[in-house]
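Any read-out appearing in this document is the output of simple, stated calculations on the displayed coordinates, not a laboratory observation. For clarity, every value in this text was computed on a predicted model and none was experimentally measured. Backbone-built Cβ (ideal geometry, glycine too); neighbour counts: all protein chains shown.
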Amino acid sequence: MTDTAKHPYHLVDPSPWPALGALAALCLTAGLVLFMHELAGGVALTSLGAILTVLTMVVWWRDVIREATFEGHHTPIVQIGMRFGMALFIASEVMFFAAWFWAFFDASLFANEAKLVDRVAFTGGTWPPQGVEVLEPFHLPLLNTIILLTSGATATWAHHALREGNTGHVRLGLWLTILLGATFTGVQAYEYAHAHFGFTDGIYSSTFFMATGFHGAHVLIGTVFLCVCLGRSYRNHFKPDHHFGFEAAAWYWHFVDVVWLFLFFCIYWWGGS
């Protein structure tokens, strides 16, 4: 088969963006490690990683949008592969959160385990550790739960409207979802600012901030994803039978919803009781 033969697959052109994305991830994660340990260069490296990450998102998504919308490369066969890819990506994210939950449950269920090095010294033999003033789960965390679940409903409404060709409802649903996502982020930032413990105060605060903060980062990424979809909707990029970009954003947002439910019930409610 020659390169000019007709087939339903997309032979992607060579691209520098995967390498740039890998460099961004390296800078971001290494910078965060340095920052958490209060070592020199942490803030600068984290900032560089964040800038490179945003740049990668802009240029890579630009190319994907061009290939899908204007060049017609996203055939039904290609979209099947992309759906599998998105599903595997979300599965890898599940493993990330499994690590944070593992750390939290290991610390909370075995708070008085003498065989674990310094475990009793860190927890006082109880969970929550002695002296830790935990957050009330049915105040701001419950409010954020309602906000995020509502945003999941508005995202689903927008998706159904897109499949029915109702552009006005698509845009309204996306606007509402984005505003709810931004509100969630604002409430969580307020909660962090008024928490009675800091990131380095002990094993409870470290596991709490890593799990909820990692989720908060996903909410920010999902909000950006939805903003891109909103912009594309105003350019009429989506069709009722051809809108994988929107579908991927909706999948990601629902994943964020589900993870938050586990965080609320396991860390805020059970872990703080």
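Tabulated values for the structure
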item	result
Additional length obtainable on full extension of the chain from Phe110 to Leu55, 0.36 nm per residue less Cα span	15.5 nm
Added length on full extension, which subtracts the Cα-Cα distance from 0.36 nm per residue, Ala91 to Thr75	3.3 nm
15 Å cut-off, amide nitrogen to a point 7 angstrom out along Leu143 Cα→Cβ, residues in region 168-210	180-195
Distance between region 67-121 and region 142-163 - C-alpha centres, whole angstrom	22 Å
Cβ-Cβ FRET estimate between Ala40 and Leu261, R0 fixed at 51 Å, reported to 0.05	0.85
Principal-axis tilt of helix 244-262 within the chain, Cα atoms, nearest 10 degrees	10 degrees
Angle in degrees between helix 76-109 and the longest Cα principal axis of the chain, rounded to the nearest 10	0 degrees
With Cα atoms, 0 to 90° folded angle of helix 42-65 axis to the chain main axis	30 degrees
